[in-house]
Every structure is written in C-alpha cells, then in structure tokens.
Amino acid sequence: MKLGKVKEYFDKLSADDFLETLGALARSLGHELSKNDLKKLAEFRSISARTIPEGKYIRNLQSENGYVRGYVAALCDVTAAYEAAVTTQVENQEMVDVLRGYLLDSLVVALSQEEVQAGPATAQSLAVYLLTEFISVTKDDDTEAVELYSTEQVEKNLAMLCSGNFQLVESFGEPPEKFYRLTLRGEDVAEMLKFEDE
C-alpha cells in the first residue's frame, strides 16, 4: 500500500463514487495486512486520523458522513488489533531465537511436557528429565551434557527465565521446595519451539 495512494483515497471520499473508494481502501489495507509491515499499518491509522479528524464533514449528507466515518473507524480498529497480534507474534519469535542462542529452548519445552507437568517441576526434576531426554536421543552421556543439565545449571537458567528480560517462567515456594511453571507467554513460546522442531 503506497501511502500516497491512501491519502488519495481519503481525498476522494467527498466524490460521488465514495463507496467504490471505500472498497478500494479496504482492499488495499487487506493486501497490506498479509505483509505484516507494522510501520505502514501505523502510518495508515495516522493518515486516517489526520485526514478525517473529529467533527470534520467529509460528505454533505449526515447519513453518508456517518457511514464513511464508521467504515474508516472500523478499518482503523481492525488495523490496530492486527498490529497488536502481529507485534506479540514478532516478539515471541525474537524470544525463540534468543532462547536457542542461550541453549535455553530445551528447558522451556521441558516445562511444557506432560510428564513434567504431572508433578511440581523443581530444578532437580527438570535436570533429570533433560539429561534423560538428551541421553535417549544421543545415546551418549558425555560430561558436557551432564554439566549443562546439572541441577545447579538448570537452577541458574530457570532464574534467568523468571527474570524481567524473559518472563517465561514463574516460581513459587522456597528452596529446596521451589517449583516452576510456564507463564502464558512461556506456553506460547514453548509451542513455537515445538512447532519449529517438528
């Protein structure tokens, strides 16, 4: 969607073929939604706010004016909702990439597994689960993996995942009975990680 074209559509709303113009505007916006270009979507809402400010009459007939305002307001509402959903999706994808970089992805996925969720997940139970999974997949019990999945290392990683930067895991209780579970965002990110691994 060329922003100049959007401005042109808004300027044409006072012409006789305003219904066709509204349709063209909606199709143009629909085409842009598939591109996930958040900057252009924000600019669309900005142009509509500047072009059709509160109280300005676009059409001479009050009913037509109300129709145009309502139509454009609905397009802006859809755009805002779409922006919010895509922003969350983009942020979660960025989090997936960060987790893979820190080798924390397996811990997040482990917290989402039914076997782990069956009982309270402690750092120790997660360490045992992760090491068992690693050995069953690689058929190897090398020392590096044993260190990576030690209770102490898992505890450090869980603390990082609970921190403000991640907020994927929440904890309750006090050591040695400190338990962990995924936050709602953590569940979404775990699903993305599992989907990418399939």
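The numbers here are math on the coordinates, done by the rules we state, and not lab data. Nothing here was measured: the structure is a model prediction, and the numbers come from that model. Backbone-built Cβ (ideal geometry, glycine too); neighbour counts: all protein chains shown.
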Check: Taking amide H positions as placed 1.01 Å from N in the peptide plane, with prolines and chain starts having none, which residues 5 or more places from A121, or on another chain, fall under 5 Å of its amide H?
Finding: Y180
Next item on the list: Just add up the charged neighbours of V90: K/R +1, D/E -1, any other residue whose Cβ is under 14 Å from the Cβ of V90.
Entry: -3
Checklist line | Choice from T87, T138, T151 showing the highest fluctuation, given a GNM over the chain with Cα pairs closer than 10 Å | finding: T138
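Suppose every Lys and Arg Cβ carries +1 and every Asp and Glu Cβ carries -1, with no other charges. What dipole size does segment 54-137 come out with about its Cα centre, to the nearest 20 debye?
On the way: 4 positive and 11 negative charges, 86 e Å.
Rounded to the nearest 20 debye, it is 420 debye.
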Next item on the list: Arrange F166, F179 by Cβ neighbour counts within 10 Å, fewest through most, would you?
Entry: F179, F166
Check: Relative to the longest principal axis of the chain, what angle (0 to 90°, nearest 10) does the C-alpha long axis of helix 18-33 take?
Finding: 20
Next item on the list: Between D197 and E54, with labels modelled 7 Å along Cα→Cβ, what's the label distance in nm to one decimal, could you check?
Entry: 5.1
Next item on the list: For the chain, build the charge dipole from Cβ charges (+1 Lys, Arg; -1 Asp, Glu) around the Cα centre, then report which of L184, A145, A85 sits farthest towards its positive end.
Entry: A85
Notebook entry, point to check: With each pseudo-label sitting 7 Å past Cα toward Cβ, what's the Q153-E114 distance in nm, one decimal?
Noted result: 2.9
Checklist line | Around A15: net Lys/Arg minus Asp/Glu count, Cβ-Cβ under 15 Å | finding: -3
Notebook entry, point to check: For the chain, what is the convex hull volume of the alpha-carbon atoms per residue, in Å³?
Noted result: 160
Item checked: Choice from V78, V169, V86 with maximal GNM fluctuation in the chain (Cα, 10 Å cutoff) -> V78
Check: What Rg and what Dmax come out for segment 102-197 when only alpha-carbon atoms are used, in angstroms?
Finding: 12.7, 36
Check: Which is the longest part of the chain that has none of the trypsin sites (Lys or Arg not before Pro) sitting in a DSSP loop with at most 11 other Cβ atoms within 10 Å?
Finding: 57-138
Next item on the list: Can you put E170, E114 in order of Cβ neighbours within 10 angstrom, beginning with the fewest?
Entry: E114, E170
Note to self: With +1 on the Cβ of every Lys and Arg and -1 on the Cβ of every Asp and Glu, and nothing else charged, how large is the dipole of the chain about its Cα centre, in debye rounded to the nearest 20?
What the structure shows: 1560
